[in-house]
Each structure stands twice: as structure tokens, then as C-alpha cells.
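Structure record follows, encoded as C-alpha cells.
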Amino acid sequence: MSAPVLSRPEKGAARTYPAYSRPLWRRVLLTREFAVIALLVAVVLYANGNVENFDGPLTMYYLFLDMAPILLIALPMTLVIITGEIDLSVASVVGLSSVLVGLLHQDAGMSIPAAAVVAIIAGAACGAFNGFLVAYVGLPSLAVTIGTLALYRGIAVGLLGTKAVTDFPEKWTDLAKERLTEESSYPMILVPFILLAVVFTLLLHFSSFGRGIFEVGLNSEAAHFSGVNVARTKFLLFVLAGAVSAFAGIYYTLRFGSARGDNATGLELQVIAAVLLGGVSIFGGRGALHGVIAGVLLIGVLNSAMRLEGYTVNVINIVIGALLVLSVISTSFLAWVSALVSGRGGGRLSQLVPRGRRRTAAGSSTEER
Amino acid sequence: MNAPSESSLRSGSDRDPEKLSDTLLLEPSRISPTRRALSVVLRSREIAVGAVLVAVVVLTTLKSDAFLFSGNGWRDLLLTPSILLLLAVGQTVVIITRNVDLSVGSILGLTAYLTGTLFADNPGIPIIVVFLAGFAFGAVLGLVNGVLVAFGKVPALVITLGTLYIYRGAFLTWADSDRINPSDMPGAFLDLGTKSILSIPVLTIIALVVLAVVGYYLYSNRGGRELYAIGSDPDAAVLYGLPVRRRVLAAFVLCGALAGLAGVLYTARYGTVSSNAGSGMELQAVGAAVIGGVAIFGGSGTVWGAAIGAFLLVTINRALPVVGISDFWQRAVVGGLIIAAIVLDRVLSAREERRLVAARDEMRKQA
């Protein structure tokens, strides 16, 4: 064993720090995040070699164009899930902001940027309502956001009915579909995404606020006593989720040139599936943004590769569902294997595996040992 | 009544002891029967939601007699909620164990399609066989969920989100682009969807019988009580020696089987099965349970409440157009209702807790 990274006066056998007791390369490479990244690279390499047209110029362009809403919303959703909460209402906020942009532009005659600002503020307000009920009233987020899922979607559909606003200036609808440069196969939407990704990475992994997010997810009681403002942390994350979802809604509207109440129905489950695939624990306290982004891209790449191979969207759904189940099962399977190998009822690896005994998101597994 | 949630335990231990009712800490049998009955009625969530339901029906009927008093109105009032009722009952059993099943909508779609195919491929197949097949098929799908959750030790939310995709994908692949039409099915089966006995539709009777059986099992059977114990505290249930794995597995199997039955009912009721059959029903089922007072963290709530919640959800949807609110606003109302229900729960349980803590402190002072 290498020398301990932490120098502690009494590092007896009673206390171990599994995360730091292994060499750096193992800590980096043998993680869930890296497994997802490796799988992504493998799929891309395979598809490049074996799927016709996968290396064509349009594949990546449409992949990012289609996955952009999921990529965007996955960022704040990761943070929300790491605190042990969940937000099911994001797709409804997408729909609501889409309708707002359409109505404000068409009926109120506002310009697109002004309408977009109003929509983002409305999205943040939707998130604040979720956050208030979860963080300050103390209600379970699963129940709250199932309610607001229906509520926000209902407002969106109520405002616009079954009509659609399709009258948008071409300047803006083109911008949503524009490429980075003339020849580039990457769309413009990547610019705001990368900006947001950097901001969220700094927030989650390189700030004290971010450490607080992990602490809240691991044990909100302990986080409270160590000085983390638990309620404010959760509240802010829900506000961010609402605002980013609203931005995704504006993009969605301009990309398809149509504002409808039922835009992006069911997107919330896709986002959550991608986040969990990326290695975030539904119990909170574990996860990293690079894994999540790789998870979203993995779904996107699988999607376009299989579509090029002529599979229908149904088969793709089965594959994504199976991947999600396998990825979470593998966690406890690996723990079980390493427990068998070490023969002492739990080796190092199993200590890394989050135990599902805390009551966080509903549906905590029934832990039996 | 909902059990006070653990997160609120730190609230109020030092609150001012308000006017104290000693009765709070007495065994129920020492309180006079009338007061007991009164407090049960006042605190019953089922009765509160039921009162809202009755109010909705009465108000809508005042607006338009046909909502209740026409033959069709009465039939639809009872018939339309019966499918969601079955889903909500199954969902409640799972939620009570502190799990959740998001795949019920997909299971409903799959079994609805299975029902149509069975009739189309085997003309003359007895109706009861199809019912049993749907029930059994749903149970198998539920078993898959249950095995993954109980033995994989992973949260039900994730597993059933995965199987939601898998089952829906399997349904769509199997159905390809063809849909089930009424002409594929025998008239006797389709008649079931509209037939009534003593002016109560047959499908509603089926749903109510299921409700009664499950409700009785949860209320008075050992297995049912153990489900509550598991949901209240899974760790304690393990330590206490309850067969946690088996019970959770059984809860998922039951939930799947009821969703399968709901799929058969769906086909009988509507006669057509298109590719979006049952999509989004999972959240409605959870919503119905939550409105009916089932705590999302398990351990409390009844199927009666969930059933009334299902009736309320569906009835409000049908009542809105009658009272002149565009039916586009239905979902907003439903969402508001769910939020109101959980906020109300929270307020009530916080108050109850404060009173219990105050009563305990007073007892200690006296001792």
C-alpha cells in the first residue's frame, strides 16, 4: 500500500478512508464515471467502424441538436439528485416556457429576447415554488414535483389549448439550428451548454457550496450541524433547475419553430435516466458531472447509431431501459462480488457503494444483510 | 392519518405547551365511545377526500342534471374511474412498503394489447381465460420489477423507470403499427364494458371487489400489516425478523397483476388499443394515492383513500367542462389538488406532533 495521503495523528485500523487509501490512477479509472466514459468511447469507436454514415457530417450535428435539452437539464438535475431530492417537473417547465415565449411574442408583440427573459424568470419562479415546498415546508420532493408536473403542464396547455404558435422570426429559428462555423458539424447550442457546464462544474466540484450539496445528500442532519444551510441549498438548486429548464424550453421552441403546450412531454424521465446512467446515486451524496454528460451522450450516440442501423425508436427504448437497470444493478453486484472476494463481509469497494438505508428519494431499496 | 414524518421530529420539542388534552396519551378504549367515533370521523382522510368528491359531484349536478341523473352520466361516473382505481390500489400496496412502481402504465398498455391479440388470434376463447391471462401476464411483469428491487438492492424508482421504457418498447415493437379494433373482439367482451348489474357497471364491480379484497387484506391480515411495518422502517423490519424480501416481492407482483387486470378492463371499456394506451397513467396512479392520503415514504395510508382519490381525479376531469372551465385546465387543477393534499397532510401532522409532544412533556412534569 502506498503512503497515506492524509497524515492523521492516529490513523488506526478503526478509521479508514477508502477514497484515499488507493493510488491515484485507481481512484480515477475504477469509477462509475469512467466506466460510462469508456462505454461511450467504445460505442463511438464501434459505430464509426461498423455503422454506415455514422461518421458523416450530419450525425453529430443532429445528435447534439436533439440531445441539447436533455444535456442542459441534466446539469441542474444532477445537483438536485445529489442532494437526495428529485425534480420531475422539469419537462412541464419546458412546455410552460415554450408556451410563454410563443404567447408573449405573438399576442403581446414582445421581441424574442424579451420574451425569453420573461420565460426564464417564470421558469425560475416555478423552480422556486418547488424549492419552497421541498426545502422550507419540508415536503417530499417526489410527491411535490409529481404535483407540479401536472400543474405546470396544465397551465401550459390551459394557456394555449391545442393551438400552436409557429410564427417566429427566421433569424431566431435559424440561430437555434446554426452551426458553430460554416463547415462545423457541431451546432451553436453547444456554446451555451459548455458555458453552463463549466459553471455547474465549478459550482458542484470546486466550491464550498458544492461540497455542501454532497454533504446534504449524504446526511442532511450532519450537514446542518457542520454549517451548511440545507434549506437554502436545496431551494437554490430547484430554482436553477427551473431556470435552466425554461432556457431549454426556449431552445426547444425555436429549434422546432413551434410553441405548443405538450412540447417535451415525458422528457423528465429521459433526463433522470441519463443522470442515473451517468453514475449519480438516487440516494444522494454521490455523482459527478463528467459522468452525467457521458451518460447523456451515451444515450444520444446509441440512439443515432441504432437509428442509422434501421432500428425503430421502440427497440432503442428497450436498450436504454435495460442499460439503466443494468447500470444500477451492477453497483450492488460489484459490491457483492467484492464482498465475496475479500471474504470479510465487505471489502474496500463495497464501502464505496452507497448504502441504501437512508430515507431519501422514495423507493429506497429494502436493505437486507 | 399520516404518521409524522421523521424529518420534522426536531420541530417543537421546546414549543410552548398549549392547552393540553390529557386524552391524547390515553389508550383509545378509555375515551368515551362517542368522542372516539367523532375524532375518527374528523381525522379520517378518506372521509375528507370523500366529502370533496361529493361536493364536486353535487356542484356539477346543480349546474347540469345530466352529469348525475342521466343514464350515461351515472354510468360514466362509476365506470371511468375503475381502471385508474385498480392501478391506484396496486400502487398503494407498493408505496406502503416505501417503494414505487412507475411501470404500471406500460404494463397496462402491454396487457391491453395482449387481450386484443388473444381474441384476434384465438376466436372463441372464453372471456374468463383472457382475464386470467391478463392478470397472470401483469403478475409476471411485476415479478420482474420485484426481483430486481428486492434482490438487486436498488431503489424501485430507478428500476421501474427502466422497466417503464423496456415494457413500453416491448409493447410498441410487438404491436408494430397495427392497433386493436373492436371488430377483433367478441361482442360479449365489449358488452362487458357497458353492461350494468343493478345500474352498477360490471367493470366497476370488478374493481370494487378487488378493492375490498386488498383493503381487507391490508387492514386485518398479518401479511398486510407487515407491509406497513416494512414501510415504516425497513431496517427495523429486518431486525424484527419480518420476511422483507418476500413481502416486497409480493407487493410488486400484486401491483403488476392489478395493472394487468386494468389492461383487460381498458380493452373492454374502450374497444381500441392504440400505441399510447396507458402512457402517463403511472403518475396519475401515484397522484391518486397521494391525494387519498398515502404517504409517499411508506408506512401509512389505505387503499380506500387511494380509491377515493382515483374517483376524485377522474371525476374532476369530467366535471370541469360541465361547469364551464375549458378542459385544457384539467391537469392544472389536478396538480393543484395533489399539492394541496400533501401540504394539508404536512400541516395536520405537524400540529398533531406538537400536541403529542406537549402532552408528553406535561405527563413527565406530573410524574
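The values are calculated or read from the model by the stated rules, or taken from the named source; none is laboratory data. What you see is a predicted model, and the numbers here were worked out from it, not measured in a lab. So basically every Cβ, Gly included, is an ideal-geometry build from the backbone, and we count neighbours across all protein chains shown.
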- Query: Of the numbered conditions (1) within 17 Å of the chain's Cα centre (by Cα); (2) assigned to a helix (DSSP H, G or I); (3) modelled with pLDDT under 85; (4) not charged (D, E, K, R), residue B:259 satisfies every one except a single condition; which is it?
  - Reply: (3)
- Query: Out of region A:276-298, which residues are modelled with pLDDT under 90 and part of a helix (DSSP H, G or I)?
  - Reply: A:276, A:277
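Conditions tested, residue by residue: (1) modelled with pLDDT under 85; (2) assigned to a loop (DSSP other than H, G, I, E, B); (3) under 30 Å from residue B:102 (Cβ atoms); (4) within 14 Å of chain B (Cβ to nearest Cβ).
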| position | (1), (2), (3), (4) |
| --- | --- |
| A:113 | no, no, no, no |
| A:118 | no, no, no, no |
| A:124 | no, no, yes, no |
| A:131 | no, no, yes, yes |
| A:151 | no, no, yes, yes |
| A:182 | yes, yes, no, no |
| A:202 | no, no, no, no |
| A:213 | no, no, yes, no |
- If you scan region B:175-205, which residues turn out to be within 14 Å of chain A (Cβ to nearest Cβ) and of a type outside the set (Asp, Glu)? B:175, B:177
- Task: Find the residue count for region B:325-337, including only residues that are under 18 Å from the mean Cα position of the chain (by Cα) and either among the aromatic types (Phe, Trp, Tyr) or more than 7 Å from chain A (Cβ to nearest Cβ) (or both).
- Result: 1
- Could you say which residue among A:138, A:109 is within 14 Å of another protein chain (Cβ to nearest Cβ), surrounded by fewer than 24 Cβ atoms within 10 Å (Cβ to Cβ) and assigned to a loop (DSSP other than H, G, I, E, B)? A:138
- Spot the failing condition for residue A:268; the list is (1) under 15 Å from the mean Cα position of the chain (by Cα); (2) surrounded by fewer than 24 Cβ atoms within 10 Å (Cβ to Cβ); (3) at pLDDT below 90, and only one is missed. (2)
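Residues checked against (1) over 28 Å from residue A:114 (Cα atoms); (2) in contact with a His (Cβ under 8 Å, 6 or more places away or on another chain):
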{"position": "A:148", "(1), (2)": "no, no"}
{"position": "A:151", "(1), (2)": "no, no"}
{"position": "A:165", "(1), (2)": "no, yes"}
{"position": "A:180", "(1), (2)": "no, no"}
{"position": "A:183", "(1), (2)": "yes, no"}
{"position": "A:197", "(1), (2)": "no, no"}
- Query: Taking region B:209-228, which residues are free of Cβ contacts under 8 Å to residues at least 60 places away in the same chain and aliphatic (A, V, I, L, M)?
  - Reply: B:209, B:212, B:213
- Message: Being modelled with pLDDT of 90 or more, within 28 Å of residue A:297 (Cβ to Cβ) and hydrophobic (A, V, I, L, M, F, W, C): is that true of residue A:73 here?
- Response: yes
- Message: Among the residues that make up region A:30-46, is at least one of them assigned to a helix (DSSP H, G or I), under 21 Å from the mean Cα position of the chain (by Cα) and within 22 Å of residue A:168 (Cα to Cα)?
- Response: no
- Which one of these does residue B:242 not meet: (1) touching a residue at least 60 places away in the same chain (Cβ under 8 Å); (2) within 13 Å of chain A (Cβ to nearest Cβ)? (1)
- What number of residues within region B:288-334 satisfy the criterion of being among the small types (Gly, Ala, Ser), modelled with pLDDT under 85 and not in a loop (DSSP other than H, G, I, E, B)? 2
- Query: Taking the condition within 30 Å of residue A:329 (Cα to Cα), within 14 Å of chain B (Cβ to nearest Cβ) and small (Gly, Ala, Ser), does residue A:223 pass?
  - Reply: yes
- Members of region B:191-211 that are crowded, with 16+ Cβ neighbours inside 10 Å and assigned to a loop (DSSP other than H, G, I, E, B): B:193
- Task: Mind listing whichever residues of region B:152-163 are outside any loop (DSSP other than H, G, I, E, B) and either more than 7 Å from every other protein chain (Cβ to nearest Cβ) or of a type outside the set (Val, Ile, Thr) (or both)?
- Result: B:152, B:156, B:157, B:160, B:161, B:162
- Note on the structure: Given the conditions (1) within 14 Å of chain A (Cβ to nearest Cβ); (2) closer than 30 Å to residue A:279 by Cα; (3) modelled with pLDDT of 80 or more, every one holds for residue B:88 apart from (2)
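Yes/no per residue for (1) surrounded by fewer than 22 Cβ atoms within 10 Å (Cβ to Cβ); (2) in contact (Cβ under 8 Å) with a residue 12 or more places away in the chain:
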position: A:289; (1), (2): no, yes
position: A:292; (1), (2): no, yes
position: A:302; (1), (2): yes, yes
position: A:306; (1), (2): yes, yes
position: A:310; (1), (2): yes, no
position: A:314; (1), (2): yes, no
position: A:322; (1), (2): yes, no
position: A:325; (1), (2): no, no
- All conditions in (1) touching a residue at least 60 places away in the same chain (Cβ under 8 Å); (2) away from every other protein chain (no Cβ under 11 Å) are true of residue B:321 except (1)
- Message: Checking the conditions here, which among B:100, B:144, B:149 is within 14 Å of another protein chain (Cβ to nearest Cβ) and outside any helix (DSSP H, G or I)?
- Response: B:100
- Message: Looking at B:358, B:340 in this structure, which one is farther than 24 Å from residue B:219 by Cα and either surrounded by 19 or more Cβ atoms within 10 Å (Cβ to Cβ) or facing chain A (nearest Cβ under 8 Å) (or both)?
- Response: B:358
- Check region B:275-284 and report whether any residue there is part of a loop (DSSP other than H, G, I, E, B), of a type in the set (A, V, I, L, M, F, W, C), crowded, with 24+ Cβ neighbours inside 10 Å and touching a helix residue (DSSP H, G or I) at 6+ places or on another chain (Cβ under 8 Å). yes
- Task: Out of the residues in region A:153-177 that are of a type outside the set (Gly, Ala, Ser) and outside any helix (DSSP H, G or I), state the one that is farthest from the other protein chains (Cβ to nearest Cβ).
- Result: A:169
- Task: Please work out if residue B:289 is more than 9 Å from chain A (Cβ to nearest Cβ) and hydrophobic (A, V, I, L, M, F, W, C).
- Result: yes
- Which of the residues that make up region B:212-239 are of a type in the set (A, V, I, L, M, F, W, C) and within 12 Å of chain A (Cβ to nearest Cβ)? B:227, B:229, B:230, B:236, B:237, B:238, B:239
- Note on the structure: Just one listed residue, out of B:35, B:45, is modelled with pLDDT of 70 or more, of a type in the set (Lys, Arg) and farther than 27 Å from residue B:281 by Cβ, and it is B:35
- Task: Kindly check whether there is at least one residue in region B:167-174 that is within 14 Å of chain A (Cβ to nearest Cβ), more than 30 Å from residue A:329 (Cβ to Cβ) and exposed (fewer than 14 other Cβ atoms within 10 Å of the Cβ).
- Result: no
- Set A:304, A:364, A:327: member being at pLDDT below 70 and either within 9 Å of chain B (Cβ to nearest Cβ) or in a helix (DSSP H, G or I) (or both): A:364
